[in-house]
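Participant: If you scroll down you'll find the structure; I have some questions about it.
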Amino acid sequence: MQVLVTGGAGFIGANFTLRTLATRDDVQLTVLDKFTYAANPATLEPVSARITVIRGDIGDAALVDRLVADSDLVVNFAAESHNDNSLADPSAFVQTNLVGTYTLLEAVRRHRVRLHHISTDEVYGDLDLDDPARFTEETAYNPSSPYSSTKAGSDLLVRAWVRSFGVEATISNCSNNYGPYQHLEKFIPRQITNVLTGVRPKLYGDGLNVRDWIHVDDHNDAVWTIIERGQLGETYLIGADGEVNNRTVVESILVALGQPADAFDFVTDRAGHDRRYAIDATRLRDELGWTPTYTDFASGLAATIDWYRDNREWWAPHKAGVEADYARTQQILD
Ligand code: NAD
Ligand code: TDX
């Protein structure tokens, strides 16, 4: 099977590529990636002889048409993915998440190629901390940020192309991922590498916002499950019952690295900051038989801390630049 992995040099797409190479011998992988600031070429370098890597944009219709024509399956991880960036400048989010997805859809429509579209639980908006509800496939879309609204729009484009043009596609909406090769701008890698470089972790607002953490390998196993056993045209939520508030995550990182649990700073809150995400993945578990491997967030986090401690050369050259960008917009609160 010839698989086109768009965004395959980013965090989740690269983990998908590496895991697929390690677990399957029946697939040939082509990665199409624009190599924005979010891609680290070092991630795929060790497997470069086993895959084809194309540097290009999912919004480039001619390039996408040529690559899709030669594929049996497209898995679309390509996106602008960081909420904070989307608040500073939404334009790339509209271009890549909406126009890019549209461009892929037109190509898979023309060539009758199966598409799996990767999306996020953020399309559903947020929940109150004391709300017993969790997101399901029936929850109404209610995105808060430029990032999540462009992801919501991309999902709706996929649904429309399924219904109107008979495109063979599935969608998955996953909760917050953690694991190796995640960009330093994201919460968990930022705080681990802060502590490893002697910088105090930074918590937005009151630190009580809740995210539903899932290990990236569990996400990618679920993606393969949906590709192989999912019903065409359907949406599946992916989550591993990993709700934890941000303050608890920071305290765990500090303690694991031998620091006092309160050695962090509060900084200015994110505008429109979603309070809580929570996924009910019953459909994926019951209908498709998927279960997560990392059921204990504490041990998955410990393994991730070990990875960043053991792979400094992957992230160290980028650390100062990421923190300098944050320092321009965030103030430490008393
Ligand atoms: P990432 O930012 O680490 O990687 C995105 C990749 O897409 C990068 O390699 C980047 O170079 C590439 N890219 C960006 N614009 C492109 C374009 N126009 N053409 C081709 N390539 C382009 O993001 P990630 O965390 O790996 O997220 C991957 C996907 O998973 C995204 O669609 C995101 O919305 C979704 N998602 C992420 C999470 C999470 O917790 N990180 C959770 C749920 C869903
Ligand atoms: O320094 C920080 N301090 C902090 O308190 C950063 C970077 C984040 N936070 C908070 C904000 C969120 O409540 O931590 C939480 C997680 O933040 P992010 O890593 O920016 O993730 P989030 O905004 O929740 O979105 C992520 O999960 C869903 C991904 O970036 C999205 O791509 C995905 O769709």
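The values are calculated or read from the model by the stated rules, or taken from the named source; none is laboratory data. Treat the numbers as computed from the prediction; the structure is a model and nothing was measured. No Cβ is skipped: glycine too gets one built from the backbone with ideal geometry, and neighbour counts run over all protein chains shown. Note: accessible area is taken over every heavy atom of the protein model, side chains too, but ligands, DNA and RNA are not part of it. Shrake-Rupley method; radii C 1.70, N 1.55, O 1.52, S 1.80 Å.
Participant: For Ala62, state whether it is more than 24 Å from Gly242 (Cβ to Cβ), of a type in the set (A, V, I, L, M, F, W, C), within 17 Å of the chain's Cα centre (by Cα) and not in a strand (DSSP E or B).
Facilitator: Values: more than 24 Å from Gly242 (Cβ to Cβ): yes; of a type in the set (A, V, I, L, M, F, W, C): yes; within 17 Å of the chain's Cα centre (by Cα): no; not in a strand (DSSP E or B): yes.
No: the conditions fail for Ala62.
Participant: Picking from Thr248, Thr291, which residue would you name as being part of a loop (DSSP other than H, G, I, E, B), among the hydroxyl-bearing types (Ser, Thr, Tyr), out of contact with any Asp or Glu (no Cβ under 7 Å at 6 or more places or on another chain) and farther than 14 Å from Asn194 by Cα? If you could, list the steps in order and put the result at the bottom.
Facilitator: Numbers: Thr248 fails: part of a loop (DSSP other than H, G, I, E, B).
So the residue among Thr248, Thr291 that is part of a loop (DSSP other than H, G, I, E, B), among the hydroxyl-bearing types (Ser, Thr, Tyr), out of contact with any Asp or Glu (no Cβ under 7 Å at 6 or more places or on another chain) and farther than 14 Å from Asn194 by Cα is Thr291.
Participant: Being part of a loop (DSSP other than H, G, I, E, B) and in contact with a Pro (Cβ under 7 Å, 6 or more places away or on another chain) is the requirement here; does Ala271 meet it?
Facilitator: no
Participant: Of these, Leu63, Leu157, which one is closer than 26 Å to Thr17 by Cα, open to solvent by 40 Å² or more (accessible area, probe 1.4 Å) and more than 15 Å from ligand 2 (Cβ to nearest atom)?
Facilitator: On the way: Leu63 fails: open to solvent by 40 Å² or more (accessible area, probe 1.4 Å).
Going through Leu63, Leu157 in turn, just one is closer than 26 Å to Thr17 by Cα, open to solvent by 40 Å² or more (accessible area, probe 1.4 Å) and more than 15 Å from ligand 2 (Cβ to nearest atom): Leu157.
Participant: Now a separate question. What single numbered condition from (1) in a helix (DSSP H, G or I); (2) more than 19 Å from the chain's Cα centre (by Cα); (3) of a type in the set (S, T, N, Q); (4) within 26 Å of Tyr102 (Cα to Cα) fails to hold for Thr150?
Facilitator: Here Thr150 meets the rest and fails (2).
Participant: I would also like to ask the following. It is to be established whether one or more residues within the stretch 72-85 are away from ligand 2 (no atom under 16 Å from the Cβ) and among the acidic types (Asp, Glu).
Facilitator: The answer is yes, given that some residue of the stretch 72-85 is away from ligand 2 (no atom under 16 Å from the Cβ) and among the acidic types (Asp, Glu).
Participant: Phe266 is checked against (1) farther than 27 Å from Asn142 by Cα; (2) in a helix (DSSP H, G or I); (3) among the hydrophobic types (A, V, I, L, M, F, W, C) and fails just one. What number does that condition carry?
Facilitator: (2)
Participant: Do we find a residue being among the hydrophobic types (A, V, I, L, M, F, W, C), away from ligand 1 (no atom under 15 Å from the Cβ), open to solvent by less than 10 Å² (accessible area, probe 1.4 Å) and over 26 Å from Leu115 (Cβ atoms) anywhere in the stretch 162-184?
Facilitator: Taking every residue of the stretch 162-184 in turn, none turns out to be among the hydrophobic types (A, V, I, L, M, F, W, C), away from ligand 1 (no atom under 15 Å from the Cβ), open to solvent by less than 10 Å² (accessible area, probe 1.4 Å) and over 26 Å from Leu115 (Cβ atoms).
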